[in-house]
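Before any comments, here is the structure.
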Amino acid sequence: MKLNKYIVIDFDSTFTKVEAFDILAEITLKDHPEAEEVKHKIHEITNLAMSGSISFRESLERRVALLSPNKTQLLQLAEKLKSKVSESFKRNRDFFKKYADNIYVISNGFHIFIDPVVTEFGIKPENILANRFHFDEQGNVTGFDKDNPLSANNGKSEQLKRLNLPGDVYVIGDGYTDYEIKHAGLANKFYAFTENVERENIMDKADHITPSLDEFLYLNKLNTVVSYPKNRINVLLLENVHPVAIELLKAEGFTVEAHTAALTEDELCQKIKNVSVLGIRSKTQVTEKVLQHANRLMAIGAFCIGTNQIDLKTATKKGIAVFNAPFSNTRSVVELAIAEMIMLLRNIFDKSAKMHSGKWDKSASGSFEIRGKKLGIIGYGNIGTQLSVLAESIGMKVYYYDVEEKLSLGNATRCKSMKEVLEQADVVSLHVDGRKSNTNLIGHKEFNLMKPGVVFINLSRGHIVDIQALKENIQSGKVAGCAVDVFPYEPVSNQEEFVSELRGLSNTILTPHIGGSTVEAQENIGNYVPGKIMDYINTGSTSNSVNFPNLVLPTLENAHRLIHIHNNVPGILAQINQILADHNINIAGQYLKTTEAIGYVITDIDKEYNKEVIKALRSIEHTIKFRVLY
Ligand code: NAI
C-alpha cells in the first residue's frame, strides 16, 4: 500500500524488548568463569561510548572482542530474539506487511541476528540497515565492515543521509542515536518508544512519546488491529490500592496514576474528566455530581466488597460498569469470626485486661470449648458459607438462615426462619448484606429469642444491629460475650474519636472494621479487580459486575465486536440488526442481556465494515455508550 512517509524503526529495545548484546553475552559467556566481570566490562564500555570518551566504533570493537561470538552462537541469538519481539509489534504484524515499501529497520547491531527476526514480519531485506560481521573459515568473528556508517559515531544519521528518502521520515526508537537522526535534520518526527525502556532524556526530546506501536499507528491513522491504543486509557487509582493492581494495569499498557489518599468530591470532579477507569476503596464517594463530570469513564473498580460509596444508579445510567471484589477477603473475615468465638467463649479479653492491671483471676467457670456448640449463621453468602465449613471442621454444629434458597455445605442445617436459628444457637454470627431492609434486623425482639449466655458476633454491617438493644442485653448478661467490627457510624479517619454505646462493656471485642483487612486480602483484591476491568475493556465481558447485566463472552477471532449499551426500552436489538442487514453485514454471534435500567448487546460481525454502520449504530435513539473492539 502506498504511503507518503517513511517509518524508520530501531531494533534493540524497540523492535525487540531487549538489547541483543545482553542476550549474546548470556549465550557466549554461559560457561565463562568470569561471566559477571565480562558483563560489567561491557557495560562500562557502553557507558564510555555514550559519554563520548571513546568512539562508537571502538566500543563496538571492544565489546565484540570480549564476547568473541561465532556464527552458531549468533544464529542462536537470532532464534532467541524471535521470541522477544515487542508485544505491540507482534499485535500489529499486518501493518509491517501492508506498508513494507515504507518501513526501514535501522540498527548499530548486525544483520546476522536482525534479519531473521524482522523479515518474519515482512520487512524487506533491502530495508534493513545494520552492520555486517566478518567470519573466518571456522565461523569465528574476525571483525566487521568498517565502511558501514552504522559502525561509527552518528551512524544512523549518516546512513539516513545516504538513503535520501523521498518523503517525510518518522523515526521510532528508544535511544539517543535514534533522536540524533531528527536532530541532524534527517527526520521530520522522532517518536520515543517506551514500551520496553523509558529514558527521561530521550522522552524530553521526542515529538511524541509512544508507549506502544499502537499509539504511533493511532496518531498516524494507520490502525490495523487495535481500535484504540491502551495507553490512551487513563486509570486513576485512589486510596492506596495494592501495588499488584498498579502493576497489572500498567502491564496491560494503560496509563496509570495512583494516589495514596482519597479525593474530595470537588477534586474528583476535576480529575475524573480524563479518566477511563477509576479505582477506589471504601472512602472515595463517587456521587452523582462526580459522575456528571465523568464523560470518559468506562468502568469503576471498587477494591473492596461494598459499593455503597458509589452512586450505582447514575453510573448505570451513564453506561459505566462497576466491579468489586466480592470474595477476595472472605477468608479473612471468617478467620476473625472463628478466633473471636474462641476468645469470647473463654472470656479472654476481660481476663487479659485484668492481667494488665495486675489481677490474677484463674478459674474455669464461664469458659467453654467451641467444639460441639451450635453456631447460628444469619446470611449464608460468600462469608456465611465459608464460616460454615471452617466451623464444622473444628467441631461446631452449624444452623443457618438465608432469605434465599441456599445449598447446605457439609452437614449444616438449613432453618426456615431466623427465629429457628436464634432460638437454638450458642453463638450467633451475622453475615447478611447491607441492604436497607436489613436495618435493625437484630433488636430487642431478636435478642429475646436467643438463649441466655449467647455469644453474638457482627462482622457484617453496622446498621443491622440495634446498638442500644445490644448494649442492654450485654449489661443484663443475656449476651455473655460479643464482637463487633462494624458500626452504624464509623469514624472517617484515624484521627476521629470512636464514639459508641458499646465502649467499656464487659467481654466485648470492638474492632475498627478490619474483618477483611489483611495483607492477603488486599493482595487478592489487587489481583481480582484489575482482571475484571481488563476483561470488560478487552472483551466486553461483564461477569460479576455489580450494576451491569452479567455477560461472559467468548474471545473473538477474525471479527469485530460491537458493544452497545442502551436504556432498556423495547426494539433496540431489532434496530441494531436492521442497520447491520441494511449494510449486508453478517452477524457471527450476538449476546443480549438486560437489567431493569439498561440493555447490553454484544454483536460480533465479519471483519469488514464501513464507518457509516458505526455512525448509524451510534445514533440509535436511547444509546448510552457504544464502542467497537478490534
Ligand atoms: P453475600 O452477599 O455473599 O451474602 C449475604 C447473604 O445474606 C446472601 O446470601 C443474602 O441472601 C443473605 N441475606 C440478606 N439479607 C438477609 C436477611 N435479612 N436474612 C437472612 N439472609 C439474608 O455477602 P458476603 O460477601 O458474604 O458478606 C456478608 C457481609 O459481610 C456483608 O454485609 C459485607 O458487607 C460484610 N463484610 C464485612 C467485612 C468487614 O471488614 N467486616 C469484610 C467483608 C464483608
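The values are calculated or read from the model by the stated rules, or taken from the named source; none is laboratory data. What you see is a predicted model; the values in this text were computed from it and never measured. Neighbour counts run over all protein chains shown; Cβ positions are idealised from the backbone, glycine included. Just so you know, the surface numbers come from the protein's heavy atoms only, side chains and all, with ligands and any DNA or RNA stripped out. Shrake-Rupley method; radii C 1.70, N 1.55, O 1.52, S 1.80 Å.
Which value in Å does the Kirkwood hydrodynamic radius of the chain take, with 1/r averaged over all unlike C-alpha pairs and then inverted? Working shown, then result.
Numbers: mean 1/r = 0.0340 Å⁻¹.
It works out to 29.4 Å.
Given charges of +1 on the Cβ of Lys and Arg and -1 on the Cβ of Asp and Glu, with all other atoms neutral, how large is the dipole of the range 551-628 about its Cα centre, in debye to the nearest 20? Could the numbers behind the result be given before it?
Values: 8 positive and 8 negative charges, 50 e Å.
It comes to approximately 240 debye.
Tell me the label-point distance for the pair residue 270, residue 93, using the 7 Å Cα-to-Cβ offset, in nm and rounded to one decimal.
Spacing of the two 7 Å Cα→Cβ label points: 4.8 nm.
With the convex hull built on the Cα atoms of the range 132-186, state its orientation-averaged projected area in nm². Walk me through the numbers on the way to the answer.
On the way: hull surface 19.6 nm².
Mean shadow area of the hull around the Cα atoms is 4.9 nm².
Roughly how many whole Å is it from the C-alpha centroid of the range 150-188 to that of the range 564-578?
52 Å
Going by alpha carbons, how many degrees (0 to 90, nearest 10) lie between the helix axis of 382-393 and the longest principal axis of the chain?
70 degrees
With all protein chains present, how much of the accessible area of the range 153-216 (probe radius 1.4 Å) comes from carbon and sulfur, to the nearest whole percent? Spell out each step's value before the answer.
Working: 1160 of 2890 Å².
Accessible surface attributable to carbon and sulfur in the range 153-216 totals 40 percent.
Spelling out what I want: for every residue of the range 301-315, take phi, set θ = phi - 60°, compute 6.51 cos²θ - 1.76 cosθ + 1.60 (Karplus), and round to whole Hz; glycine and proline get x.
Listing the rounded values in order: x, 8, 7, 6, 9, x, 10, 4, 6, 10, 6, 5, 4, 5, 4 Hz.
Listed here are the pairs 5/71; 313/471; 182/271; 156/189; 354/419; 39/250; which of them are more than 25 Å apart at the Cα?
Details: 5/71 36 Å; 313/471 36 Å; 182/271 35 Å; 156/189 15 Å; 354/419 36 Å; 39/250 30 Å.
Too far apart for the 25 Å limit: 5/71; 313/471; 182/271; 354/419; 39/250.
Write down the Kirkwood hydrodynamic radius of the range 5-219, to one decimal in angstroms, obtained as one divided by the mean of 1/r over all alpha carbon pairs. Working shown, then result.
Numbers: mean 1/r = 0.0570 Å⁻¹.
Computed over the range 5-219, the radius equals 17.5 Å.
Sort the following peptides by mean Cβ neighbour count (other Cβ atoms within 10 Å, averaged over residues), highest first: 613-624, 312-323. It would help to have the intermediate numbers written out before the result.
Values: 613-624: 15.0, 312-323: 21.0.
The most tightly packed comes first, giving 312-323, 613-624.
Using modelled amide H (1.01 Å from N, peptide plane; none on Pro or chain starts), what sits under 5 Å from the amide H of residue 275, excluding residues fewer than 5 places away?
The answer is 296.
Using the beta-carbon distance between residue 30 and residue 251 and R0 = 25 Å, what value does 1/(1 + (r/R0)^6) give for FRET efficiency, to the nearest 0.05?
On the way: r = 29 Å, r/R0 = 1.17.
Once the sixth-power term is evaluated, E becomes 0.30.
Skip the ligands, DNA and RNA, and give the accessible area per residue of the chain with a 1.4 Å probe, whole Å².
Counting only protein heavy atoms, the per-residue value for the chain is 47 Å².
Can you pull the percent of the range 229-349's accessible area that's carbon plus sulfur, 1.4 Å probe, other chains left in place?
Working: 2560 of 4970 Å².
So the carbon and sulfur contribution to the accessible surface is 51 percent.
Along the Cα-to-Cβ line of residue 374, 7 Å from the Cα, sits a label point; which residues in the range 404-443 have backbone N less than 15 Å from it?
Zone members listed by number: 412-429.
Which length gain, in nm to one decimal place, applies between residue 205 and residue 354 when the Cα-Cα distance is subtracted from 0.36 nm times their residue separation? Let's see the in-between values first.
Details: separation 149, 0.36 × 149 = 53.64 nm, distance 6.85 nm.
Here the answer is 46.8 nm.
Please give me, ordered by residue number, the trypsin sites (Lys or Arg not before Pro) of the range 230-285 that lie in loop per DSSP and have at most 16 other Cβ atoms within 10 Å. Mind dumping the intermediate values first?
Details: sites: 230, 232, 250, 271, 273, 281, 283; in loops: 281, 283.
Hits after loop and neighbour filter: 283.
For Cα pairs less than 8 Å apart in space and 6+ apart in sequence, what is the mean separation divided by the residue count of the range 551-628, i.e. the relative contact order in percent? If you can, show how the numbers build up before the last one.
On the way: 118 pairs, mean separation 34.9, N = 78.
Normalised by residue count, the contact order of the range 551-628 is 45 percent.
Here is the link list: 2/221; 373/451; 84/532; 230/273. Which ones come out longer than 20 Å on Cα distance?
Working: 2/221 14 Å; 373/451 12 Å; 84/532 28 Å; 230/273 17 Å.
Too far apart for the 20 Å limit: 84/532.
Calculate the FRET efficiency for residue 489 and residue 416 from the Cβ-Cβ distance with a Förster distance of 35 Å, rounded to the nearest 0.05. Show your work: numbers first, answer last.
Working: r = 34 Å, r/R0 = 0.97.
Calculated transfer efficiency: 0.55.
Just to confirm my numbers, what's the Cα centroid distance between the range 108-131 and the range 590-630 in Å?
42 Å
Convert each backbone phi in the range 346-359 into a coupling constant with the Karplus relation 6.51 cos²θ - 1.76 cosθ + 1.60 (shift: θ = phi - 60°), then list the ³J(HN,Hα) values in order as whole Hz, x for Gly and Pro.
Those phi angles translate into 9, 6, 5, 5, 5, 5, 5, 4, 4, 4, 5, 9, x, 9 Hz.
Can you give me the relative contact order of the chain as a percent, contacts being Cα pairs under 8 Å and 6 or more apart?
On the way: 1168 pairs, mean separation 56.1, N = 630.
Relative contact order, the chain: 9 percent.
Note down the magnitude of the dipole of the chain about its Cα centre, charges +1 on Lys and Arg C-beta and -1 on Asp and Glu C-beta and zero elsewhere, to the nearest 20 debye. Present the calculation step by step, with values, prior to reporting the outcome.
Working: 72 positive and 76 negative charges, 293 e Å.
So the dipole magnitude of the chain works out to roughly 1400 debye.
Evaluate the relative contact order of the range 175-227 (contact order divided by residue number), counting alpha-carbon pairs under 8 angstrom at least 6 apart; express in whole percent.
Values: 48 pairs, mean separation 15.8, N = 53.
Averaging sequence separation for qualifying contacts and normalising by length gives 30 percent for the range 175-227.
Restricting to the chain, what percent of DSSP beta bridges are antiparallel, rounded to 5?
Numbers: 28 of 86 bridges.
Of all bridge pairs located within the chain, approximately 35 percent are antiparallel.
Would you mind estimating how fast the range 418-556 diffuses translationally, via Stokes-Einstein at 37 °C and 0.692 mPa s with the Kirkwood radius over Cα pairs, in µm²/s? Write down the numbers at each step before the final one.
On the way: Rh = 17.5 Å.
For these conditions, the coefficient is 187 µm²/s.
Please name whichever of 319, 282, 308 sits farthest to the positive end of the charge dipole of the range 233-323, dipole taken about the Cα centre and charges placed at Cβ: Lys and Arg +1, Asp and Glu -1.
It is 319.
Cut-off under 16 Å on the C-alpha distance; same-chain residues fewer than 8 positions from residue 205 excluded. Which aspartates and glutamates are left, in chain and number order?
Leaving aside aspartates and glutamates fewer than 8 places away in the same chain, those within reach of residue 205 are 174, 178, 180.
Give the shape of the range 551-628 as rounded, prolate or oblate, defined through the alpha-carbon gyration tensor: a ≥ b ≥ c are the square roots of its eigenvalues, a/c under 1.5 means rounded, and otherwise the shape is prolate if a/b is larger than b/c and oblate if not. Don't skip to the end; give the middle numbers.
Working: a/c = 1.90, a/b = 1.24, b/c = 1.53.
Oblate, because a/c is 1.5 or more while a/b does not exceed b/c.
If you plug each phi of the range 576-590 into the Karplus form 6.51 cos²θ - 1.76 cosθ + 1.60 with θ = phi - 60°, what whole-Hz ³J(HN,Hα) values come out, in order, with x for Gly and Pro?
Along the range 576-590, the couplings run 4, 5, 5, 4, 5, 5, 4, 9, 6, 9, 7, 8, 7, x, 9 Hz.
What does the C-alpha gyration tensor say about the overall shape of the range 366-491? Classify as rounded when a/c is under 1.5, otherwise prolate if a/b is larger than b/c, or oblate.
Because a/c hits 1.5 or more and a/b fails to exceed b/c, the range 366-491 counts as oblate.
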